[in-house]
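Structure record follows, encoded as structure tokens.
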There are 2 protein chains.
Amino acid sequence: MSTDAEPAPVSAKPPVTLREVAAAAGVSVATASKALNGQGRMTAETRERIRETARLLGFRPNSLAQSLLRKRSFTVGLLTNDTYGRFSLPLMAGVSDALVDKGVSVFLCNVEDDQRLGQLHVEAMLDKRVDGIVATGKRIDRHLPVDLSNLRIPVVYAFTQPDPGAVGLVSDDAGGARLAVERFVRLGRRRIAHVTGPASFAVVHTRAEAWRDVLKENGLAASEPLLGAWSEAWGHDAVARLFGKVGREGWPDAVFCGNDQIARGVIDALRERGISVPDDVGVIGFDNWEIVAEATRPPLTSVDMNLASLGREAGLALLSLVEGHPAAPGIRKLPCRLVVRQSCGSPPQ
Amino acid sequence: MSTDAEPAPVSAKPPVTLREVAAAAGVSVATASKALNGQGRMTAETRERIRETARLLGFRPNSLAQSLLRKRSFTVGLLTNDTYGRFSLPLMAGVSDALVDKGVSVFLCNVEDDQRLGQLHVEAMLDKRVDGIVATGKRIDRHLPVDLSNLRIPVVYAFTQPDPGAVGLVSDDAGGARLAVERFVRLGRRRIAHVTGPASFAVVHTRAEAWRDVLKENGLAASEPLLGAWSEAWGHDAVARLFGKVGREGWPDAVFCGNDQIARGVIDALRERGISVPDDVGVIGFDNWEIVAEATRPPLTSVDMNLASLGREAGLALLSLVEGHPAAPGIRKLPCRLVVRQSCGSPPQ
DNA sequence: GCGGGTTGGGAAAAGGTTTTCTCAGGGGGA
DNA sequence: TCCCCCTGAGAAAACCTTTTCCCAACCCGC
């Protein structure tokens, strides 16, 4: 399995220490340390001999001892309250990805919505001397149930409400919504409805406002957005409202949905009414939850929040903070992208 | 935010050390250490005074230093290759949950299917002296792209293929399938079909076999299971095959599906054909992916693999191993449970 | 031959905690 | 009065690595 290294020490009990390497090479630990780290002065021959010895013995420096001395553990904590959600996972993977190459490991801390659990995790991380913390959640407009405000280590907030004066990264929901609505406009749609989630979510308003702005900018009439639940069932209901009473000429020719589940419901309901997607009505969703977007008939065009990138950026931002580079506090918005499938229609040939 | 402790040291630069506590209390570090750990002998008064001093100063022992000495880092690694999947997340949360109360933190290691990434993560964990590793994946019948066979620290495999001689925890898929099929039998269904995923998955065969066994045990005829993809589309196709040509009397009166997406497709296709679920045909899915199971019409009865419990068990098993208790190697199967909603029908009154 | 600079390498402290050993003093029994 | 044991507490080693400081030897020019 190993590619080029010597065979791994087969279940040798205690790990090899620097002292043993030094003894085997006939030098002092100080010299051995310097040889391996490229520090100090010695003949190239000595340095190489020590390195070879270390390699042969399978020496790997004890991170704990290094951390103790360097006051840097090359470890960060990742706090989340989104245990079952689909938002955290790509985000977490992004953070981990961005950091593993720099030798930084990530502590996974699932705090649910439990203050006690949050406290417990934060204290554990502090005790373990993490270099910093990434806080992430399932809602962009809610705080985690922990206080990270004066912690002596840097904190970056990703996809969750940051403390004032902290560094926060979120997706640009308004931009994402514009992407979708502008697409519709370019495709010649004129009556673009918006079906979205409950008013208690900030993103509902952000996206609705962007939707309205684009309509106005293009001289199109904007009705009220339809607010409901984040569910397929609400998608069904919304279709009943939009396509129910009025004559065909009053129907929308496009529906921009607040998430993919709603879009799924909308598409299903339209099909049940014999309304063709995308010929009669275009549909675009939000979140680009692939397993849903690819199962709708036709496959769903959707706004992707690039959460993995968001995670990577958050990891990098934290690292930069840890290394002492100051960062402008405030919220940075990262662009979304539109993943075009078939539900929005194509440009007329 | 803190509940009862002294106000946290407001961004005091260096953490308080034991030496400082000792100095403040007028004792040696040795005595201070013993006082705080309940070791050694001293007057109750001295012990209490030291403890009070530590509390006042907000002393928290440096885990790094402790780990170095105790040869135990109270840290484990969690390896996964299921970045976007829905299986890992509850599993990971379970592991984390089981361990946080014991003061053990979890390193999140996302290895995708990349050998290099796997190697990188494993080496990083080893360097950081994790006490053990939980390996988990998205498929029960595949190895992770890393070699954990002779690692000097204990390894527990959860929901992934274990190395021979190692400890592995998986869900009892056969038992889960029995739960579903026996339910149908008790409800009086006689022609129970099985629509499932591709033959390349081991669970497809495990579940199909259990399905067949239950049918035989109850004197019911077993046709061939329908193997296809893990998708809604395949659920549609399967319905076309099952309910297509033959007369109504040849139709199944129940369909056991290999996962919830297939079940979703089946239910939708049945409705499109005007076949009532659950009156004409009962449907049960697998995975209990709530967001799908609750969106089907009617809501889907489904087999839940109890992944969070599986994760907890895995965490506990690893901990036990770390603490030196020997564990029987081999694969332990954890029971599934049937989450009853409306798609399977109720007992006749 | 001698002073100064360079070269190669070692000794030791530091980092924060735990644990083993040691020691001083006091009390009790003979 | 002497001895032994117990009590309370401190000194120091240990964990493993990094880094600073130091030293011996060598080379060079004068």
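The values are calculated or read from the model by the stated rules, or taken from the named source; none is laboratory data. Every value quoted in this text rests on a predicted model; they were computed, and no experiment measured them. Please note: Cβ atoms are built from the backbone with ideal geometry, for glycine as well, and neighbour counts cover all protein chains shown. Side chains included, ligands, DNA and RNA excluded: accessible areas come from the protein's heavy atoms. Shrake-Rupley method; radii C 1.70, N 1.55, O 1.52, S 1.80 Å.
Accessible surface computed residue by residue for the range A:18-61, with neighbouring protein chains in place and a 1.4 Å probe, gives 62 Å² per residue. Here the 3J(HN,Hα) profile of the range A:99-105, calculated from phi with Karplus coefficients 6.51, -1.76 and 1.60 at θ = phi - 60°, is 9, 4, 5, 8, x, 9, 9 Hz, Gly and Pro shown as x. Residue and whole-Å distance for the chain B Cβ lying nearest the axis of the B-onto-A rotation are B:L108, 2. If I take all pairs of Cα atoms in the range B:95-203, what percentage of them are more than 21 Å from each other? Percent of Cα pairs beyond 21 Å in the range B:95-203: 50. As a rough guide to protection, the peptides A:122-129, A:76-83, B:14-21 ranked by mean Cβ packing within 10 Å, highest first, stand as A:76-83, A:122-129, B:14-21. A dipole drawn for the protein assembly as shown from +1 and -1 charges on Cβ atoms has a positive end, and of A:V130, B:G228, A:G197 the residue lying farthest that way is A:V130. Between the range A:241-313 and the range A:46-74, the C-alpha centres lie 55 angstrom from each other. Peptide B:119-129 is shielded by partner chain Cβ atoms: per residue, an average of 5 of them sit within 10 Å of its Cβ.
Between the amide H of B:C336 and those of B:D172, B:G176, distances stay under 5 Å, these residues lying 5 or more places away or on another chain, with hydrogens modeled in the peptide plane. Dipole size of the protein assembly as shown about its Cα centre, with +1 on Lys/Arg Cβ and -1 on Asp/Glu Cβ: approximately 1240 debye, rounded to the nearest 20. Close amide H partners of A:V106, meaning residues 5 or more places away or on another chain with modelled amide H under 5 Å apart, are A:V76, B:L108. Taking Cα centre as origin and charging only the Cβ of basic (Lys, Arg, +1) and acidic (Asp, Glu, -1) residues, the dipole magnitude of chain B rounds to 720 debye. Just add up the charged neighbours of B:A25: K/R +1, D/E -1, any other residue whose Cβ is under 14 Å from the Cβ of B:A25. Local charge sum for B:A25: +2.
Counting Lys and Arg as +1 and Asp and Glu as -1 over every other residue whose Cβ lies under 13 Å from the Cβ of A:R70, the net charge comes to +1. Once the partner protein chains are put back, the range A:137-163 shows a loss of at least 20 square angstrom of accessible area, versus the chain by itself, at A:D147, A:N150, A:R152 (probe 1.4 Å, ligands and nucleic acids excluded). Normalised by the number of residues in chain B, the average gap of Cα pairs under 8 Å and 6 or more apart makes the relative contact order 17 percent.
In the assembly of identical copies, B:R116 has its label point, taken 7 Å from Cα in the direction of the beta carbon, separated from the corresponding points by 4.6 nm (ascending, one decimal).
Solvent-accessible area assigned to carbon and sulfur over the protein assembly as shown amounts to 53 percent, based on a 1.4 Å probe.
Take A:N218, move 7 Å from Cα toward the beta carbon, and the resulting point lies 5.5 nm from the same point in each other copy, nearest first. Phi angles of the range B:183-198 translate, via the Karplus equation with coefficients 6.51, -1.76, 1.60 and θ = phi - 60°, into HN-Hα couplings of 4, 4, 4, 4, 7, x, 6, 10, 10, 9, 8, 10, 10, 9, x, x Hz per residue; Gly and Pro are given as x.
When B:R70 is represented by a point 7 angstrom out along its Cα-to-C-beta vector, the spacings to that point in the other copies are 2.4 nm, nearest first. When the accessible areas of A alone and B alone are added and the area of the pair subtracted, with a 1.4 Å probe, the result is around 5700 Å², both sides summed. In order along the range A:163-175, phi translates into HN-Hα couplings of 5, x, x, 9, 8, x, 10, 9, 6, 8, 5, 4, x Hz, rounded to whole numbers, per the Karplus curve 6.51 cos²θ - 1.76 cosθ + 1.60 with θ = phi - 60° and x for Gly and Pro. For the peptide B:105-115, the mean number of other protein chain Cβ atoms found within 10 angstrom of a residue's Cβ is 5.
Across peptide B:85-95, the average count of Cβ atoms from other chains found within 10 Å of a residue's Cβ is 4. Backbone amide hydrogens, once placed in the peptide plane, bring A:A254 within less than 5 Å of A:R191, A:A193, A:G282, excluding anything fewer than 5 places away on its chain. Charge tally for A:L99 (other residues, Cβ to Cβ under 14 Å; Lys, Arg +1; Asp, Glu -1): -1. Sorting A:289-296, A:250-257 by their mean Cβ neighbour count within 10 Å, with the most densely packed peptide first, gives A:250-257, A:289-296.
Interface burial in the range B:255-269, defined as at least 50 Å² less accessible area with all protein chains than with the chain alone at a 1.4 Å probe, covers B:R264. Could you state the angle between the C-alpha long axis of helix A:44-57 and the longest principal axis of the C-alpha atoms of chain A, as a value from 0 to 90 degrees rounded to the nearest 10? Approximately 70 degrees, to the nearest 10. Principal-axis analysis of the Cα atoms of chain A puts helix A:307-322 at an angle of about 40° to the longest axis. Note on the protein assembly as shown: Rg/Rh from C-alpha atoms, Kirkwood Rh, equals 1.03. Ordered from longest to shortest, the equivalent ellipsoid semi-axes for chain B are 54, 21, 17 Å, each the square root of 5 times a Cα gyration tensor eigenvalue.
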